[in-house]
Amino acid sequence: RAKRGELPPSFDTPDANQRIAWQAFEERLDLLRAVIEGPADTPYEGGLYIFDIMLPSQYPSVAPKAFYWAYNKYLNPNLYACGKVCLSLLGTWSGPGWEPETSTLLQLLVSIQGLILIEQPYCNEPGQQRDGGTAQSVEYNKACQAGIVDNMTKMLQAPPEGLKDVVEGFMAREGEGL
């Protein structure tokens, strides 16, 4: 049996109107599913981003593992088509990693929303940090938006288990904008 919830808007997310929802499984307390709405004014707006999170037996001493539902589509330098999530907090990229005493799942989800699902994702490509607004960056955003429409179509046709009402509710509220 799954239990769902939504982080209250009082959490310090980039915009309290953008939701992060979660699903926990009574039979597998080491597994969570998170659904992050694409932030406004980014190429990710109008999309849902689903992450399966596994808490290793040593958690919170070690970072959780994350898998992104990519639908075999590359939409971001940090979110691979195979589902890998590149983020230093997870230990899958260089930089500040998981701190057992202070790092949290909320920090992980807000980091994905605020550091990966950004206005100029092309700037997350190695060596392209200063290229926001260039022709390449604009084309990258267009390709992302087209991929998001495709992924949302697939998600609506076959929502991940337990998320049918979440996906349909989101599409009823935001789908026209796609």
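Just a few scattered comments:
- Contour excess over end-to-end distance, with Cα ends at L29 and V138 and 0.36 nm allotted per residue: 35.1 nm
- Rg over Rh for the chain works out to 0.95, both radii taken from alpha-carbon positions and Rh defined as the Kirkwood radius.
- Highest average packing first - 92-99, 50-57, Cβ atoms within 10 Å: 50-57, 92-99
- Full-stretch length increase - S61, C82 - with 0.36 nm per residue and alpha-carbon distance subtracted: 4.9 nm
- Mean projected area of the convex hull spanned by the Cα atoms of the stretch 19-72, taken over all viewing directions: 4.8 nm².
- Here the average projected area of the convex hull drawn through the C-alpha atoms of the stretch 102-178 stands at 7.1 nm².
Bear in mind that the values in this text are calculations on the coordinates, not laboratory data. Worth saying up front: this structure is predicted, and the values here are computed from it rather than measured. FYI the Cβ positions are ideal-geometry reconstructions off the backbone, even for glycines, and counts take in every protein chain you see.
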